[in-house]
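Please treat every number below as a calculation from the coordinates, not as lab data. Values in this document were obtained by computation on a predicted structure and should not be read as measured data. When we count neighbours, we look across all protein chains shown, and the Cβ atoms used for this are built from the backbone with ideal geometry, even at glycine.
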Amino acid sequence: MPRGIDWGHIALLVILAGIAIWYLHDTWSASSRVRNLILVLPASILALGLAAGIAGGVIIRGLQGRADPAVEGAESATTSVRERIYPLILMAIFALYILSLPVTGFDVGSVLFIMIALLADGERRPVFLIVYPVVFAAICTLLFGWLLPYPMTTLIL
């Protein structure tokens with residue numbers, strides 16, 4: 001059965017892109033200095049690029065008469081309870097991560113958050129559960145420490 005363009009997705013993407021543009025404009029209006037734009041400008045460019053790419057995919061699928069696989073899966077009556085509460089689990093893990101940052105620091109807290117999120121997602125390979133969170137958190141901590149003009153709370157790095 002052919003399906004048209006999902007205008008709901010397009011509308012949401014337009015709203016999110018508008019918020020990104022507004023925030024970038026507001027930041028730029030406050031100060032166009034590099035220190036003020038160092039995080040906002042790349043994040044805005046990334047958000048707008050992702051929105052454009054996703055919108056392109058939604059439009060192409062709609063013109064070809066195919067549904068979004070995620071939408072088809074969401075319409076399935078066999079959705080398990082775990083799949084339904086998984087977003088709530090991730091939000092709870094993220095809330096605990098944010099609340100624990102003053103105690104654990106950005107480096108250790110990020111390692112724990114990524115590791116627990118991977119476990120919640122079903123990852124069981126020990127090497128992947130240890131190496132990926134440590135490497136990713138170390139890179140993020142070092143880059144944020146280099147980019148941000150103020151110190152971050154860390155335990156190790």
Task: Value of relative contact order over the chain, rounded to a whole percent, pairs C-alpha under 8 Å and six or more apart - done: 23 percent
Open item on the list: Show me, for the range 146-152, the HN-Hα J-couplings you get by feeding each phi into the Karplus relation (A = 6.51, B = -1.76, C = 1.60, θ = phi - 60°), rounded to Hz, glycine and proline as x.
Closed with: 6, 7, 7, x, 10, x, 9
Task: Coil-residue trypsin sites (Lys or Arg not before Pro) of the range 5-62, DSSP, other Cβ within 10 Å capped at 13 - done: Arg33
Open item on the list: If you consider only alpha-carbon coordinates, what radius of gyration and Dmax does the range 80-157 have, in Å?
Closed with: 13.7, 46
Task: Value at 222 nm in deg cm²/dmol, rounded to 500, when DSSP H runs of n ≥ 4 in the chain each add -39,500 (n - 2.57) - done: -26500 deg cm²/dmol
Open item on the list: When a/c reaches 1.5 or more, the comparison of a/b and b/c decides; with that in mind, is the chain rounded, prolate or oblate per its Cα gyration tensor?
Closed with: oblate
